[in-house]
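Here is the structure we will look at.
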Amino acid sequence: MQIGIIGGGQLGRMLALAAYPLGARVTFLDPAPAAPMKHLAKHICGAYDDERALEQLARGSDVVTYEFENVPVASAQFISQFTKIFPPPDALRVSQDRLVEKEFFRGLGIPTARFIPVESQTALEREIREIGGAAILKTRRLGYDGKGQFLIRAQDDAKRAWHELNREALILEEFVNFTREVSILAARSQDGAQVFYPLVENVHRDGILRLSRAPAPNTTRALQELAQAYAQRVLDTLNYVGVLAIEFFQVGDELLANEMAPRVHNSGHWTIEGAATSQFENHARAMLNLPFGSAHARGCSAMVNLIGELPDGNALLQIADAHVHLYDKAPRAGRKLGHVTIVASDEKTREMKLAQVLEMIHRKSA
Ligand code: AMP
C-alpha cells in the first residue's frame, strides 16, 4: 500500500517511520526542498495548492493523509476526486478557523472559554469590558505555537492589540485561569472503531509546547471519561478517520476545549516509547484499514521538546530510558528541532529523570 502525506515535517517523518514496518510505502508533498522527510520517503516538491503536484500525489497513493492542519481545504477536496483522503476535509475546515472550531465545540455541547468575534476596535473595547478580566485576542486563522495572539491584561492594551493583529479576522477569548492544560489523543478507523490514549498533561511557554507528562498525574477516571466522551462526539460527527488531538484547559473537574488538531500531535510523541502502540502507528493503521493496537501506557512518560538549539545528545542518552528524536532541521530560535522521551516505572522516577533532562537542556541554553 502506498500512503501519500501532505507536508514533510517531523510529524510526517515519524508517521513514515511507523508506516514502514506495516509494509507501506510513503510519498510526501512539500514545497521545501530540504523538508525533514527528505531522506526518508519519495518527495514531490510542489506547493500545497499546485494541482499537478496534488494529482501526482493522489494518483500514486492508495490513501492520502496530512501532517499539518493548514492544508487548503480545496486541495484536500481535489485529492478526494482521485483517492481516499483521511481525516476528512471537513475536519480541516473546522480546525482552520478558531471561531468555526469553537462554535463547532459549542454545537456538540463541549464547553469552551467565552469567545466572541471582533470586527472593530470599538467592539474590542466593549467586549473587553464585558469579559471583565484578562482576555486574549487571536487571529481566527493560521495561528500556531502562540503566533497571532495578544494577551490583554487591561483596557489600555486594546488599542495596541488591535493595531498589531487587525489585518485579519479576529476572535477575543476570555483568559482562562486554568488548573492545568491537558490533551487527549483519540483515533477512529474506517469502520468506526475507536481508541483513546490516557490524558496528557502539557506545559506551554510563549504558546509553544515544552513538556508533556503521560498519563497526566492525578487524573480521575471521571476526567478521563469526560475527555473521551468529548473526543468521541467530534470523531463521530465528522465521520473521522485517523488520529485526532483535542487540547483542553482543565478548571477544577471541568474541561474547556481550546483547540483540535486533525492529525498526529506533539502531545502524543511520548506514545512512541510510552504506549503499547504509538499515535503514529495507529494513524498509519487507520490509513491502511488495519485494526488498532492498544493505546494503554506502558509506564510513566515525559516528553520534552528540543527548541531552538540542540543539547548534547550523548549526555541525554546516558540517562537510562531516555530516547532522543532529532528531526534533521537547521537550528533556529523557536523552532522544534527534536524531542526527548523518558519512560519510567513510576511517577517519582519519571520526575527524577525529567529533572536531569531539563537540567541538561537549560545548561546548554543558559
Ligand atoms: P493556542 O494557540 O490557542 O493553542 O494557544 C497557545 C497557548 O496559549 C495555550 O496552550 C495556552 O497555554 C495559552 N492560551 C491560549 N488561549 C488561552 C486562554 N483563553 N486562556 C488562557 N491561556 C490561553
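State the Kirkwood hydrodynamic radius of region 256-350 in Å, one decimal place, computed from all pairs of distinct Cα atoms. Write out the running numbers ahead of the final one.
On the way: mean 1/r = 0.0677 Å⁻¹.
Radius from the Kirkwood sum: 14.8 Å.
Going from most exposed to least, what order do H362, H204, H265 have by accessible area with a 1.4 Å probe? Write down the numbers at each step before the final one.
Working: H362 95, H204 55, H265 15 Å².
Most to least solvent-accessible, the answer reads H362, H204, H265.
Over the chain, Cα pairs under 8 Å with separation of 6+ residues give a relative contact order of 14 percent.
Apply 1/(1 + (r/R0)^6) to the Cβ-Cβ distance of R332 and A355, taking R0 = 41 Å, and write down the FRET efficiency to the nearest 0.05.
Numbers: r = 27 Å, r/R0 = 0.66.
Efficiency computed from Cβ-Cβ geometry: 0.90.
Share of carbon and sulfur in the accessible area of region 2-85 stands at 49%, probe radius 1.4 Å.
Arrange the residues D30, D236, D191 by how much accessible surface each exposes, largest first, with a 1.4 angstrom probe. All intermediate terms of the calculation are to be shown ahead of the outcome.
On the way: D30 15, D236 75, D191 125 Å².
Per-residue accessible area, sorted high to low, gives D191, D236, D30.
Given R0 = 30 Å, the distance between the Cβ atoms of N70 and A315 translates into a calculated FRET efficiency of 0.25. Taking amide hydrogens as placed 1.01 Å from N in the peptide plane, the amide H of L199 sits under 5 Å from those of A216, each at least 5 positions away in sequence or on another chain. A simple charge model with +1 on the Cβ of Lys and Arg, -1 on the Cβ of Asp and Glu and nothing else charged puts the dipole of the chain at about 540 debye relative to its Cα centre. Under 5 Å from the amide H of I5 lie the amide H atoms of T27, F28, L29, T65, each residue being 5 or more positions distant or on a separate chain, with H modelled from the backbone and absent for Pro and chain starts. With a Förster radius of 25 Å applied to the beta-carbon distance between Y20 and Q190, the computed FRET efficiency rounds to 0.75. Normalised per residue, the accessible area of region 180-365 is 39 Å², obtained with a 1.4 Å probe and no contribution from ligands, DNA or RNA.
Extension gain for Q81 to H163 (0.36 nm times residue separation, less C-alpha to C-alpha distance): 25.3 nm. For region 97-152, averaging the sequence separation of C-alpha pairs within contact (under 8 Å, six or more residues apart) and dividing by the residue count gives a relative contact order of 31 percent.
Using 0.36 nm per residue of separation minus the Cα-Cα distance, give me the extension gain between L151 and R106 in nm, one decimal. Show your work: numbers first, answer last.
Details: separation 45, 0.36 × 45 = 16.20 nm, distance 2.32 nm.
Contour length minus Cα-Cα distance gives 13.9 nm.
K147 sits with roughly 100 Å² accessible to a 1.4 Å probe, with DNA, RNA and ligands left out of the calculation. Sequentially through region 188-200, phi angles give Karplus couplings (6.51, -1.76, 1.60; θ = phi - 60°) of 10, 8, 5, 9, x, 5, 9, 10, 10, 7, x, 4, 10 Hz, Gly and Pro residues having no value and appearing as x. Ligands, DNA and RNA excluded, the heavy atoms of Y20 present near 80 Å² of accessible surface to a 1.4 Å solvent probe.
Note on E347 and D49: the extension gain reaches 102.7 nm, defined as 0.36 nm multiplied by sequence separation minus the Cα-Cα distance. At the residue level, T65 shows approximately 0 square angstrom of accessible surface with a 1.4 angstrom probe and all protein chains present.
Measuring spread by the Cα atoms of the chain yields a radius of gyration and Dmax of 20.3, 59 Å.
Taking the helices alone, the chain has a mean residue ellipticity at 222 nm of -9500 deg cm²/dmol, built from -39,500 (n - 2.57) per DSSP H run of at least 4 residues and averaged over all its residues.
The values are calculated or read from the model by the stated rules, or taken from the named source; none is laboratory data. These numbers come from a predicted model, not from an experiment. Positions of Cβ are generated from backbone atoms using ideal geometry, with glycine treated the same way; all protein chains shown enter the neighbour counts. With ligands, DNA and RNA removed, areas are computed over all heavy atoms of the protein, side chains included. Shrake-Rupley method; radii C 1.70, N 1.55, O 1.52, S 1.80 Å.
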